[in-house]
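The values are calculated or read from the model by the stated rules, or taken from the named source; none is laboratory data. Everything numeric in this text was worked out from a predicted model, so none of it was measured. Because the Cβ atoms are built from the backbone with ideal geometry, glycine has one as well, and the counts that use them run over all protein chains shown. Note: accessible area is taken over every heavy atom of the protein model, side chains too, but ligands, DNA and RNA are not part of it. Shrake-Rupley method; radii C 1.70, N 1.55, O 1.52, S 1.80 Å.
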Amino acid sequence: MKQEVTTKGECKYTLPTVYSICIADIRNEITRLEKKWDHQEEIFDTLTDTSIYNKRLRPASVKAGEPVIVNTSLFLISMTSFDEIQTEYTMRVLVRHIWIDPRLSFPENCTVTRVTGDNWHAERIWTPLIFIVNDKNADNLLSTSTGEGNVLLDIQPNGQVLLSRRVHLRLICKMDFWKYPMDKQTCRLELESSILREEEMILAWAEGEPLALNNNFYLTGFELVDYTFYSSQAEYWMTGNFSRLLVTFQLEREFGNFLLEIYIPSILFVVTSWTSFWLEIPAAPARVSLGITTLLTLVTSAKSTREKLPKVSYIHALDVWNVGCTGQKTTARWIKEDRKYCHLKFINK
């Protein structure tokens, strides 16, 4: 038995008819999107035709001799794996560049509002060659060949190009351990033009918000206190001057872990060594065992802490703490010996 659907105009349609209408609408929408995508690819192929477009040449400026301005912004995903011995840390970040290429302006009366692509599209146009100065991976440049899904290209009708690249960096960070583990570190991220000199290309921070943090941004071992942006010039006497961008991160080390693993146990060891004052004077073996055990424990703890840091020539705050705890233990040992000597002298008299 066929079910009927009545509309407001009292027109009756069967359910198979309604289903066929919905399927036809879906097919029309898919066809429209495919045509739109095909039209977008046609526009992109026309603009990047090798007969009129040379991707090895930088975009022509409005006035001859003016450099190309590349506005840069960062989207920070995470900062992890801080290694004090290697003085490095890892970062996952989206690097976004925006510039104007008049050669990619859309024709008049074009129905396409934008061209969106991936690394396949980015390899067919001119892109700024930029590298990370303090990156330990020499092959981890900000190139368009970073893999599928890591590159986003967006071209506007006026020729404005947005290139977004997701990269995983292993960065060098010069650390200072004077106040370790209550220290604050300043780490950098430096971007620099690799080929074009400053008179040909200028790197600039994007207006508004040059750095944004992910909603699920996480940082291990430190707390991000503040960050600062700089623009500078790298001078090389043989090759010339190159534009450079810098962002510094002010980091403060989390203290809770050290409080539970180092400070509270060392305090308990020192307090435990004081229990020898309540032992009887003739109980020398018990006092010696207790003193040697607490002293070896403090020395072992200080050594294990030192192994987690690079071999620096100066003394950090944790060394002062360990020396203080060992001094307290040694002082207690002297007091016990003086007490024993006074007791024996009294017995002899």
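Accessible area per residue was computed with a 1.4 Å probe on protein heavy atoms; SER105 scores about 40 Å². For the set HIS168, HIS97, solvent exposure ranked by accessible area (probe 1.4 Å, protein chains only) runs largest to smallest as HIS168, HIS97. Summing Lys and Arg as +1 and Asp and Glu as -1 over all other residues whose Cβ lies under 10 Å from the Cβ of THR90 gives a net charge of +1.
Ordering ILE202, ILE315, ILE43, ILE267 by accessible area with a probe of 1.4 Å, largest first, what comes out?
Values: ILE202 55, ILE315 110, ILE43 20, ILE267 80 Å².
From most accessible down to least: ILE315, ILE267, ILE202, ILE43.
Within the assembled protein chains, the solvent-accessible surface assigned to THR300 is about 90 Å², based on a 1.4 Å probe.
Please find the FRET efficiency linking GLU235 to THR186, where r is the Cβ-Cβ separation and R0 is fixed at 22 Å, and quote it to the nearest 0.05. The formula returns an efficiency of 0.45 here.
Extension gain, ALA204-GLU254: 0.36 nm per intervening residue step, less the Cα-Cα distance, totals 14.7 nm.
Do any of LYS184/LYS308; LYS136/LYS303; LYS184/LYS303; LYS179/LYS303; LYS136/LYS179 go past 20 Å between their Cα atoms, and which?
Values: LYS184/LYS308 17 Å; LYS136/LYS303 29 Å; LYS184/LYS303 23 Å; LYS179/LYS303 17 Å; LYS136/LYS179 26 Å.
Correct reply: LYS136/LYS303; LYS184/LYS303; LYS136/LYS179.
Taking label positions 7 Å along the Cα-Cβ direction at both LEU213 and ASP154, the computed distance is 2.4 nm, reported to one decimal.
Counting heavy atoms of the protein chains alone, MET182 has an accessible area of about 110 Å² for a 1.4 Å probe.
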